[in-house]
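Read the structure below first, then the notes.
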């Protein structure tokens with residue numbers, strides 16, 4: 001995701017790595033680590049070990065059904081299972097808040113550049129080649145962050161799916177729903193930041 005034009009400040013750091021992967025990618029990476037660990041052990045039943053590790057390594061990344069199967073096997077009752085999901089949502093929210101702080105400088109810089117380009121184009125005082133390079137770089141950042149936001153949306157949807165499935169079996173999901181609502185608000189705030197920062201991007205036309 002994202003090409004060489006993407007600002008390295010958007011691609012570096014743990015928060016970037018966490019949210020730049022789709023659920024499927026995160027699942028595959030986690031599962032592979034667990035499966036390889038099983039293969040290197042002297043377990044009497046490596047096949048069973050690998051099967052368990054493949055699911056356990058995924059967590060929410062594998063989707064609601066896999067996550068629920070893994071937690072129901074691990075925890076003895078509804079409360080323990082729900083608490084484990086609450087901890088996951090809280091951790092994701094903290095990661096996303098940190099991510100927003102990390103990308104804010106780039107967003108502000110991109111927004112200022114777009115305003116400058118807009119004024120230069122309007123005044124017909126723009127260096128077309130330089131302006132196109134700047135616009136391409138900003139659009140690469142925009143595409144990178146929009147893909148990241150899509151991954152976050154998927155993550156929120158999977159948590160909501162878990163809540164609906166847990167509610168259906170009688171689990172008390174009120175606190176979990178509250179935590180997910182907070183994560184959703186943080187996600188919405190990120191979307192708002194992107195909309196503000198890149199609102200001018202599509203209206204600036206340069207030939208290069």
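The numbers here are math on the coordinates, done by the rules we state, and not lab data. Note that this is a predicted model, so its numbers are computed, not measured. Cβ placement follows ideal geometry from the backbone for every residue including glycine, while neighbour counts extend to all protein chains displayed.
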Rounded to whole angstrom, the alpha-carbon centroid of the stretch 129-158 lies from that of the stretch 180-196 at a distance of 15
For the stretch 89-208, take the alpha-carbon Rg, divide it by the Kirkwood Rh, and send me Rg/Rh. 1.17
Which shape class applies to the stretch 59-122: rounded if a/c is under 1.5, otherwise prolate when a/b exceeds b/c and oblate if not, where a ≥ b ≥ c are the square roots of the Cα gyration tensor eigenvalues? prolate
Based on the Cα atoms of the stretch 89-151, what semi-axes does the equivalent ellipsoid have, where each is the square root of 5 times one gyration tensor eigenvalue, given in whole Å with the largest first? 31, 12, 7
Please give the contour-minus-distance gain from residue 14 to residue 105: 0.36 nm per residue of separation, less the Cα-Cα distance, rounded to one decimal in nm. 31.0 nm
Where Rh is the Kirkwood radius over Cα pairs, Rg/Rh for the stretch 161-208: 1.38
Between residue 5 and residue 83, Cβ-based FRET efficiency (R0 35 Å, step 0.05) works out to 0.20
